[in-house]
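To keep things clear, I will list the structure first and then write my remarks on it.
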Amino acid sequence: MSGQNRPDLRRSRRLATIVPASDWIGMGYDAEAAAALEFLQLDIQALCEGGEGDDARVINLRGRVSDDADESISTYSRFLGGPTPHSDLMIPHWERLAKTLALGDVENFVVASINLPRPVLDTILPALSMSHNLSNLELMHTDMGSAGVLRLSSFLRNNTSLTSVVG
């Protein structure tokens, strides 16, 4: 990644600051992936600052490449050809989300069309395990790889509140 020596991007690894699409493009991502990464950061920020209305029990993250709230996963996948890619620069955002999850009592957690490799799962699953009312877990089109599947399997084995798992 060519942008790793930029001070503003180094700072983003420590803090959940928004990296604009133009910077993602400068790091080699195509325009659709760059837009998806920027929107993912904004969506996580919105969830952490108030969630879906005042109901922090519902966490719904869906990969997108525009402000169109009606945009479907199939439309998204057509643009990008897969889930929102992962970057280590996103870890602070996932950490912020994990802190938010740990403060609430999440009942429904939905992630669709967003790449969830093991480092992301290692960040969010411990926070989800603190929620004793988690009844619905949906991880669709998340491209988590074999290490991620093993991590998720361990989480599922130890969770007693889930009544619905969709993958």
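The values are calculated or read from the model by the stated rules, or taken from the named source; none is laboratory data. Everything numeric here is computed off the predicted structure, so don't read it as measured data. Every residue, glycine as well, gets a Cβ built from its backbone with ideal geometry; the counts of neighbours run over all protein chains shown.
Before we move on, is residue 90 touching a residue at least 12 places away in the same chain (Cβ under 8 Å) and farther than 23 Å from residue 21 by Cα?
no
Which residues, counting only those in segment 99-114, are of a type in the set (A, V, I, L, M) and within 10 Å of the chain's Cα centre (by Cα)?
Those that are of a type in the set (A, V, I, L, M) and within 10 Å of the chain's Cα centre (by Cα): 110, 111, 112, 114.
Answer yes or no as to whether residue 152 is surrounded by 13 or more Cβ atoms within 10 Å (Cβ to Cβ) and either modelled with pLDDT under 90 or of a type in the set (Ser, Thr, Tyr) (or both).
When the stated conditions are applied, residue 152 does not pass them.
Identify, by number, the condition in (1) surrounded by fewer than 16 Cβ atoms within 10 Å (Cβ to Cβ); (2) at pLDDT below 90; (3) not small (Gly, Ala, Ser) that residue 79 doesn't meet.
Every listed condition holds for residue 79 apart from (1).
Kindly evaluate residue 74 against the criterion of being modelled with pLDDT under 80 and assigned to a helix (DSSP H, G or I).
Considered against the rule, which asks whether it is modelled with pLDDT under 80 and assigned to a helix (DSSP H, G or I), residue 74 comes out as yes.
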